[in-house]
Every structure is written in structure tokens, then in C-alpha cells.
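The values are calculated or read from the model by the stated rules, or taken from the named source; none is laboratory data. Remember, it's a predicted structure, so these values are computed and weren't measured experimentally. Here the Cβ is made from the backbone with ideal geometry for all residues, glycine too, and neighbour counts use every protein chain on show.
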Amino acid sequence: MLLRKLGTHMFDQIWHFIVSNFLFGDAGELKACTPLLESGIIDSTGFLEIIEFLESTFAITIQDHELLPQNLNTIENIVRFIEHKKGRE
Amino acid sequence: MCGLAGFVSLSNNTRAAGLSTLMTMVRSMQHRGPDESGVYIDDRAGLGHCRLSIVGLLGGGQPIHDETKTLWIVFNGEIYNHFEIRSQLILRGHRFYTNTDSEVIIHLFQEKGEKCVEDFNGQFSFAIWDSIKEKLFLARDRLGVRPMHYSVYNDTFFFASEIKAIFTVPGFPREMEETSLDQVFTFWTTLPGGTVFKNVFELLPGHTLYVNHGLKKQTKYWDIPLYPREARYDFPLPRMIDDIRELLIDSIKIRLRADVDVGAYLSGGLDSSGIAAMVVRHFNTNVKTYGITFSDSRFDERMYQRLMATSLSINHSETEATNNKIRVNFGRVVWHVEKPLLRTAPIPLYLLSQQVHADNIKVVLTGEGADEFFGGYDIFRETLARHFLAKKPCSGLRYRAIEELYPEIFDSQRARHSMHAFFSQGLTDIGHPFFSHLPRWKAVCRTKAFFSSDLKNAVQGYDGFDDCKSRLPPDFGNLDIVGKAQYLEIMIFLSNYLLSSQGDRVAMGNSVEIRFPYLDHRLLEYVGHVPTHWKILGLDEKHILKSVLSRLLPPQIVQRRKQAYRAPVQNCLIDKFDTAFTESYLTEKKLKETGLFDPAKVAFLLDKIRSGNAGSETDGMALSGIASSQMVHELFIADFRPDLPDCEFAILEDHRSKG
């Protein structure tokens, strides 16, 4: 259900980025709510790659104080965070 | 330094393999010993040898025998205290016909049997054949500096310094061992005793092996000397510093023993600089040193090498490891190391030994081992830091303390977040035997995502962590948190990677012998008793070694932050203008041929690298590991073509019965 609700263009872009760059095309058991760091899908440098991707793709600047797990640890949280951020701008 | 090979038939019904098999085994390893070759053969066994002459230049050809020509030995390596042992043996009535350390081994073996190894200070692997009792005895040095592989095929026990010699045995089946690949893509190397090939094993470091007809008996004579807190020395630091200095000077002294010139590797770090400085001060002011340089400043240390060379007034040669040279020599290096590599770091060392060989130097000292035993690696400091955090994981204060201790990795707010995540992994289980290494190993395991479904199926149910746990000694749990980390680092990475893939193999590939003053077992025993806090004081790594060496070195060398030796991966393997590397190993067709990796995923990885977005260490390890596994498959399984140069056998002892 959640997947469907989040099935936006933004969601697809982020999903695609993670699947091609960290899972090399094989989405496997990835879900919108999969914890990215804890599940081992991304490592600490991967985390920085995601931030750069989000900033350049969605034309936003993520502040240091926003680099929190609740904003970035799952795809659904990332989408929520970016939407919220764009909504504010 | 040399290469050795041989066989013994395991039952009375089997005739030993033939002389030509033995000679081919030896010829396939000529790079290890280009100076001289020899063989011994009787109805049950054969021993073969190729020699790089370093001690007893004339008349030291092997196999060597005892007074009665009953015992025969082939030997690879050095016994540094052979003078001392020889004079005692002469006093006890032994007679010698050469000046070699090989002959000393055989006479001490006569007296003490398998326990002879305990008296040897050196780096060695050897095989002794008792032609009367029909028993074969194999031994390997304490840390596994010198290689010794073996296998049983056709009711015959085969052994050799390198696997390729065993593969020249007619009919020998060559297959990849999948669980070993799983290990390489977890620990960066195979676990002790295994190779990436089915039915080919390595004699464990610090072990001996008897082969008596069908029976094999393996005995451990030494273990890594790390001790629990209560066994540590409690005398004052200045005395420990003096003792370590004396042991190190003596270790260097006996490692300079050779009938040829001895050079030294100089990286510009503390350890190799310390050795060069001690050599110059105490033994040889004209020592030649050799160092690697990189065009990429992240890896390059030439500034420090030049600083040392100037301060010691020595003749230092630099070998530039360009991206092109690394890429072009990768396959050749894999041929020598005989296993996949998750890093490219061995290749510059191969280029370096090429330079040493071209200079007619046969022996070099290196600084390997100090980081493991004196606590130099980041992983030890990380372990202390994580242990400190684990006591109160939510404390902001504790994180801040760590940030102050690691200013260079917390230099940006962004990195800070990911470093917090890294340091926080697995904090709940301080008692876990792999507390120190799990975050790192789990990161490496991410490279297994590229395994093909066939390979995944083949290793299903295999758990490398469990396997590794089962190899730990019973008293492992008594070590402190850094001691455990050191044990793992030494057992796995030092013995099976640094001393092998980045040590013996890439040096012998160019007929150069390397010697390790920091790995003298007397020094290691001593350092094992030094309390951890003198090794890592606060988070000052190798504190006690710095105290030993500080008087000999410029302050910039002592004070510089440890720089791990690394070489570039992505930029150098994937080159826009030279696609031969990719086409030879990484195309869909090539990947399907070996069946080891998922071609679609590898294509994603290559795209990521070409787009410039694959800076992560995991991507680099995956690329290097995949390409080198493909090479191993091509060189050893699909298209095995050993170099078999013509070779004259100066010694040919044929003791077979006629008819």
C-alpha cells in the first residue's frame, strides 16, 4: 500500500538510484521501509553518495543538522523529507 | 631463497611418480630459483629444488643429504642462526660437507626430530625425506613467510612452494574452491590452510607435517604470542624500550647475514624508516633503499622517502607505479600470487622487486609486521574507540572525545554523520570474538552481491564467520580487546595476504628474497608481553616503537600520522583509452565463461565507474576482486600454461632400483 502511495516520480528516481548504484540492478528484497545502513545496502561512503545525488537531482541543499537517520535511513523517509523540504521552499 | 617440490607414494602398490614429473614441477618455479636446480628420486619419493644462491654460493646445491645419504632435504628460506647451531652440532660430532643452512637443518633433525624447528630463527619451509623409514617431514616457519602447498592425487602426496607446480602433475584436476572465494570476498584472503583451488592445501604457519605411508600427522609448534593482561610485563617503560631496541638490532644483524648484498625497502613510514636508520647506524652506511611512488598524491609518500634518504645519506631509488603499469601487470601478478586480489597494492611491490632485481640485489629487508604487533593499524584504534563508545552508546560526550582523537576523518559535518554510523555498528556485543573486525568484514561482504547465482548456490550454507571462529585457539577469549583484534589481523591478513600476495610471491616473481626484522620470534614473544597501553597510548599508535626509534629519525617521520599503504583501483583499471583490460576479463561473454559473477551487475558497476561515481572502497574492492578472480580462472583453470624454461639439473640423484 505504502509503496503505491509513494509511487511518485521522486520515489522512482530515488529507488532507481539506489538499485543501480548499490544493488547493481537487483532490487531483491528492497522495500520502501528497508533500513539502508543497517541492512548493509549502503555503507558510510554510500550515504554521502546519496546525499550528493539528492542535492543535485532535486535542487535542494541539505543542512548538516538535517543529516539525521529519521530523514534518510529508508527510501520512504527520504521521500517524505525531500517533499517536506521542497514544500517549505 | 628457492623453490621446492616433490612427492611420495602413499601405498606400497603405487610406484612413485616419475623423474620427468618432478623436473617439470621444478621448472615451473624457475623464477624462485634461477641459479641452480637439482633432484633426488627413489622408488617411493622424489624431491626437487631450484635455487637462488644467497648463502654458501658454491657447493650449496640441493637436495642435500646427511653423512649416510639416508636423509635428504629440500629447503626454501633462511635459518638466520645457522652459524650458532652449526658450531654446537660440530662439537657434538656432526660432519658437514657444505656451508649451507640446509645442511644444518638436516643434522639438527637427526638429533631432535620434528622438534628441530623450535631452535630455528628464520623464515623457512622444507621437506626431509627419510629414505630408510620412508617418512616425509614438512615444516613451515612460524608466521608463514615461506609457502608450502600440498595435495593428494592418484594415491600420491604432492608438495610444492607454489600451486602451479602441483598443477603440472599430469592429469591433476584443476577446479576452483567456491567456499574459498567466499572467504576472499569477506576477509580479503583465504582462511589459513586453504587455497582457492579444490584439493590444494597450504601447510599452516607454525606447523609441521609427517607423511608416513597413508598417515598424516600435523603438529603445531608455535602460536602467535599475544597474552592476557595478567601475563604482561609490569616493569618500567624505559627498560622495555631498551630491551626492544636490543632485540631489534640483533634481529637486523642476523638478517643482514648473506653472501650477497642486502638492500632495504623504504616507504617513508615509521617502520621501514626505522630499519633503514638502524642498518645505517649499526651495520652498513652504504645500504641501497627502494621505494614506490604514485602520481596520485593520496597514495604517494616520496617526500618522506627523500627526507629519510637525505638524513641518512643513502642511495635511494624510486619506482613510479603508474596507472598503466598497474593495469598492465595485474595478470602477471595474479599468476604469481595464485589467488584473487581485492586490492591492487601487490602490483607496485612487484614493480619494485623488478627494479631491485635489475640492480642485482637479491635480498631486501622490509618493515612488514610492526603494525600488527606494535598496534599501528587504524583498526586497533577504532576498536578502542568503539569499545569506549559501547559503554555508553548515547553519550554525545563520548562521540566528541572520539572526534577529537580522529580529527582527520571527522573533518566535515557530512563525514561525521557517516563516521558516527560506522563507529556505532555492533556496539552491543563487546564480548563477540570479532567485535573489532565485524564492521569491516561486513563491508567487504557487500562485494559478494556480484556472485553469480551458481556461485551463490555453491556457497549456500557456508558461513565464513563460523569457519573463522572454529580456527581460534581455546584461550583467545582471554585476550584484551586489542589483543583479539591483533590475533585476527595476524592470523588472517598478515600470514595469508601481506606476507604472501604482497610479500613472498611478488618478490620471488622477480627472484628477490625479502626479510622481516620485525617478525623475529624473540622480538614477538617480548612484544606480546608488553601491555596494550604502551603500544597504543591514548590513541597514539605504536607508541613504544616510536620511543625506540625516535632518536634515529627526523621528527617529521616519527610524528606523521600513519598512512596505510594503498594503491589506486578504479582509475587505473578502467581506462578510457585502453579497454583491453575490460575486454579481456569483464565482458558479458568472459563473465559467462567462468560463471563466477553476474554479468548484468558487473555491467552496472562498470557504468558506475565510467560515470565517475564509484569512488567508494567497496566498489574498488569489487572491481579488483572480480577482475582478478576472472584472471585466476583463466590462468589456472581454463588455460593453464606454465612457463617451463629449459633447465639443467646440476644435481641428479637417481636412487631408483633398476628394472
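Kindly indicate which of B:VAL482, B:VAL459, B:VAL506, B:VAL444 is within 14 Å of chain A (Cβ to nearest Cβ) and aliphatic (A, V, I, L, M).
Working: B:VAL482 fails: within 14 Å of chain A (Cβ to nearest Cβ); B:VAL459 fails: within 14 Å of chain A (Cβ to nearest Cβ); B:VAL506 fails: within 14 Å of chain A (Cβ to nearest Cβ).
Being within 14 Å of chain A (Cβ to nearest Cβ) and aliphatic (A, V, I, L, M) holds for just one of B:VAL482, B:VAL459, B:VAL506, B:VAL444, which is B:VAL444.
Among the residues of the stretch B:535-586, what is the count of those that are surrounded by fewer than 18 Cβ atoms within 10 Å (Cβ to Cβ), β-branched (Val, Ile, Thr) and more than 29 Å from B:ASN323 (Cα to Cα)?
Counting residues in the stretch B:535-586 that are surrounded by fewer than 18 Cβ atoms within 10 Å (Cβ to Cβ), β-branched (Val, Ile, Thr) and more than 29 Å from B:ASN323 (Cα to Cα) gives 0.
Scan the stretch B:576-589 for residues that are more than 31 Å from the chain's Cα centre (by Cα) and away from chain A (no Cβ under 14 Å) and jot them down.
Here is the first cut: in the stretch B:576-589, the ones more than 31 Å from the chain's Cα centre (by Cα) are B:576-579, B:587-589.
Correct list: B:LYS576, B:PHE577, B:ASP578, B:THR579, B:THR587, B:LYS589.
Taking the stretch B:84-113 on its own, how many of its residues are under 20 Å from B:ARG146 (Cβ atoms) and among the aromatic types (Phe, Trp, Tyr)?
1
For B:LYS592, are the conditions met, namely being away from chain A (no Cβ under 14 Å), among the charged types (D, E, K, R), in contact with a helix residue (DSSP H, G or I) (Cβ under 7 Å, 6 or more places away or on another chain) and farther than 30 Å from B:HIS387 by Cβ? Write out each step before concluding.
On the way: away from chain A (no Cβ under 14 Å): yes; among the charged types (D, E, K, R): yes; in contact with a helix residue (DSSP H, G or I) (Cβ under 7 Å, 6 or more places away or on another chain): yes; farther than 30 Å from B:HIS387 by Cβ: yes.
Yes; evaluated as a whole, the condition is true for this residue.
Suppose we filter B:ASP141, B:ASP155 for residues that are touching a residue at least 40 places away in the same chain (Cβ under 8 Å), among the acidic types (Asp, Glu) and surrounded by fewer than 16 Cβ atoms within 10 Å (Cβ to Cβ); which single one remains? Quick ask: steps written out before the conclusion?
Values: B:ASP141 fails: surrounded by fewer than 16 Cβ atoms within 10 Å (Cβ to Cβ).
Among B:ASP141, B:ASP155, only B:ASP155 is touching a residue at least 40 places away in the same chain (Cβ under 8 Å), among the acidic types (Asp, Glu) and surrounded by fewer than 16 Cβ atoms within 10 Å (Cβ to Cβ).
Among B:SER616, B:SER611, B:SER629, B:SER624, which is the only one that is touching a Lys or Arg at 6+ places or on another chain (Cβ under 8 Å) and either of a type in the set (Ser, Thr, Tyr) or closer than 19 Å to B:ARG446 by Cα (or both)? Give the steps one after another, and end with the answer.
Details: B:SER616 fails: touching a Lys or Arg at 6+ places or on another chain (Cβ under 8 Å); B:SER611 fails: touching a Lys or Arg at 6+ places or on another chain (Cβ under 8 Å); B:SER629 fails: touching a Lys or Arg at 6+ places or on another chain (Cβ under 8 Å).
From the options B:SER616, B:SER611, B:SER629, B:SER624, the qualifying one is B:SER624.
Go through the stretch A:11-22 and give me each residue that's in contact (Cβ under 8 Å) with a residue 12 or more places away in the chain and more than 7 Å from chain B (Cβ to nearest Cβ). Working first, answer last.
We begin by selecting, within the stretch A:11-22, every residue in contact (Cβ under 8 Å) with a residue 12 or more places away in the chain; these are A:11, A:13-15, A:17-18, A:21-22.
The answer is A:PHE11, A:GLN13, A:ILE14, A:TRP15, A:PHE17, A:ILE18, A:PHE22.
Yes or no: A:ALA59 among the aliphatic types (A, V, I, L, M), away from chain B (no Cβ under 12 Å) and either loosely packed, with under 13 Cβ neighbours inside 10 Å or in contact with a Pro (Cβ under 8 Å, 6 or more places away or on another chain) (or both)?
Details: among the aliphatic types (A, V, I, L, M): yes; away from chain B (no Cβ under 12 Å): yes; either loosely packed, with under 13 Cβ neighbours inside 10 Å or in contact with a Pro (Cβ under 8 Å, 6 or more places away or on another chain) (or both): yes.
Yes; evaluated as a whole, the condition is true for this residue.
Can you tell me which residues in the stretch A:15-54 are modelled with pLDDT under 90, part of a helix (DSSP H, G or I) and loosely packed, with under 15 Cβ neighbours inside 10 Å?
Across the stretch A:15-54, the qualifying residue is only A:GLU52.
Which residues, counting only those in the stretch B:609-634, are touching a Phe, Trp or Tyr at 6+ places or on another chain (Cβ under 9 Å), farther than 13 Å from B:VAL569 by Cβ and within 14 Å of chain A (Cβ to nearest Cβ)?
Scanning the stretch B:609-634 gives a single hit, B:ASN613.
Tell me, please, whether a residue that is surrounded by fewer than 20 Cβ atoms within 10 Å (Cβ to Cβ), of a type outside the set (Ser, Thr, Tyr) and part of a helix (DSSP H, G or I) can be found in the stretch B:643-653.
First pass over the stretch B:643-653, keeping only residues surrounded by fewer than 20 Cβ atoms within 10 Å (Cβ to Cβ): B:643-653.
Keeping just the survivors that are of a type outside the set (Ser, Thr, Tyr) gives B:643-653.
Applying the additional criterion that residues be part of a helix (DSSP H, G or I) yields none.
No, the stretch B:643-653 contains no residue that is surrounded by fewer than 20 Cβ atoms within 10 Å (Cβ to Cβ), of a type outside the set (Ser, Thr, Tyr) and part of a helix (DSSP H, G or I).
In the list B:GLY615, B:GLY659, B:GLY625, B:GLY620, which residue meets the criterion of being modelled with pLDDT under 90 and either closer than 30 Å to A:ASP26 by Cα or polar (S, T, N, Q) (or both)?
Details: B:GLY659 fails: either closer than 30 Å to A:ASP26 by Cα or polar (S, T, N, Q) (or both); B:GLY625 fails: modelled with pLDDT under 90; B:GLY620 fails: modelled with pLDDT under 90.
It is B:GLY615.
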